[in-house]
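Engineer: Below are the structure tokens for one structure; questions will follow.
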Amino acid sequence: MSAEAAVPTGGHFSLAGLVKPLLQPLIAVAIAVVVGGLLVLSLGENPFEIYWLLISGSLVGWPNFLVTLQMMSPLLFTGLAVAISFRAGLWNIGAEGQMIIGALFAGIAGFAVDLPTFLHIPFCLAAAFLGGLLWALIPAVLRVWLNVNEIVVCLMMNPIALLFSGYVSTHLLKAPGPTNKLPDIAETAVLPTFSLYSQVNAGFIIGLALCLLFAAINGWTKKGFEWKIMGLAPRFAYYGGIKVPLHAVVVMMISGGIAGLGGAEQVLGEYRAFYDNFSPGYGFDGIAVAMLANFNPIGVVLAAFLFGALNGGSAVLQMMTGLSKYLVQVLQFIIVLILAAQFTWGWLRSRKNAITAQEDRLEPETEES
């Protein structure tokens, strides 16, 4: 069941309907915590102390909390991008490449264009959205018109984006100096920051606003309902009059554009220039965030906060103990594996039920013949 199915309709409030979509993510997190605790115990450390260091290192104190928000910001964009496409039945796992191209477009627009601040920032954001949109358009067109699996195309497009942006930042538009980067963006293109303690910036507000916007679109508009039906039953959507091919292209373009905005948040707010290979894998983390959120935009905010807290606390954990910060990645991988297993089990069960129902319909015909 999708997360949106939990929204009360027709004026009837259902507590079970609100709680049920949260069960799978909570179970996955609980199992990851237990398995991670056993792993820590096997290394001779106290799991309770380690988890307290993670929590305190990410949430206790204003500087630590701001670092968590900084780590959370790019995941709002990539998680939402993946959630939008997955909900509509499209497997956009190319958010990493779309984010990189969006960042490249924002970086070029940031230093090559001279505009006042109130125009320059929106122009750079629009350029980033366009970059991600164009990069997502390729797998969308191949899927709709040539029936090419978008998963394969997205997987190939990610390293192409990395290599292409690397060539631009190391040869075509390289800034003077040893670092592979574009020239610094103009001051008029810099997103406002909130504190000296971290680099969290206005991009965080933009990410939250987008999550709220798409929560409203999914829950209250005809377009959101059509996208949901596409994901649940594409053949039913087609025969119901929904232009599935056109909607599929539009959804992929919007998804890619939002991932591109995540790149703009990094370039305009955190780094203030495009750096080659700047992303540690935010696009792939976005897949985990979307799965944990059950493809719900509001859930994306909560899941991104959890992953941001884990990443923010990992540095404190490594400084205070002998444990590697990669313990956090182990926890994230466990969560993803459990969610993937639950998704696969649900898919196999629904497929089995469909086959059984089809066999039941064919039995009377066989007996009559």
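Engineer: In this structure, does Leu134 turn out to be buried (at least 24 other Cβ atoms within 10 Å of the Cβ) and at pLDDT 95 or above?
Structural biologist: Working: buried (at least 24 other Cβ atoms within 10 Å of the Cβ): no; at pLDDT 95 or above: yes.
Against the criterion (buried (at least 24 other Cβ atoms within 10 Å of the Cβ) and at pLDDT 95 or above), Leu134 does not qualify.
Engineer: Sort through Leu119, Leu104 and tell me the only one that's out of contact with any strand residue (DSSP E or B) (no Cβ under 8 Å at 6 or more places or on another chain) and more than 13 Å from Ala264 (Cα to Cα).
Structural biologist: The conditions single out Leu119.
Engineer: Please find, among Ile258, Ile254, the residue that is of a type outside the set (Lys, Arg), in contact (Cβ under 8 Å) with a residue 24 or more places away in the chain and crowded, with 24+ Cβ neighbours inside 10 Å.
Structural biologist: Just a single option satisfies the conditions, and that option is Ile258.
Engineer: Might you let me know whether the stretch 102-113 holds any residue that is farther than 17 Å from Val289 by Cα and within 18 Å of the chain's Cα centre (by Cα)?
Structural biologist: Yes.
Engineer: Further question: Could you check how many residues of the stretch 170-186 are loosely packed, with under 15 Cβ neighbours inside 10 Å and either within 30 Å of Ile298 (Cβ to Cβ) or touching a residue at least 12 places away in the same chain (Cβ under 8 Å) (or both)?
Structural biologist: Adding up the residues that qualify gives 2.
Engineer: Please specify each residue of the stretch 187-207 satisfying the condition of being under 20 Å from the mean Cα position of the chain (by Cα), among the aliphatic types (A, V, I, L, M) and either buried (at least 19 other Cβ atoms within 10 Å of the Cβ) or on the phi > 0 side of the Ramachandran plot (or both).
Structural biologist: Those that are under 20 Å from the mean Cα position of the chain (by Cα), among the aliphatic types (A, V, I, L, M) and either buried (at least 19 other Cβ atoms within 10 Å of the Cβ) or on the phi > 0 side of the Ramachandran plot (or both): Val200, Ile206.
Engineer: Here is a follow-up. In the stretch 142-186, what residues are closer than 14 Å to Ala103 by Cα and touching a strand residue (DSSP E or B) at 6+ places or on another chain (Cβ under 7 Å)?
Structural biologist: Ser169, Lys181
Engineer: Related question: Name the residue that is farthest from the chain's Cα centre (by Cα), counting only residues in the stretch 218-244 that are closer than 25 Å to Ala304 by Cβ and buried (at least 17 other Cβ atoms within 10 Å of the Cβ).
Structural biologist: Met230
Engineer: Among the residues of the stretch 72-103, write down those that are among the hydrophobic types (A, V, I, L, M, F, W, C) and either surrounded by fewer than 24 Cβ atoms within 10 Å (Cβ to Cβ) or not in a helix (DSSP H, G or I) (or both).
Structural biologist: The answer is Phe86, Ala88, Leu90, Trp91, Ile93.
The values are calculated or read from the model by the stated rules, or taken from the named source; none is laboratory data. Just so we're clear, the structure is a prediction, and the values are computed from it rather than from any experiment. Using ideal geometry, Cβ is built from the backbone for each residue, glycine included, and neighbour counts are taken over all protein chains shown.
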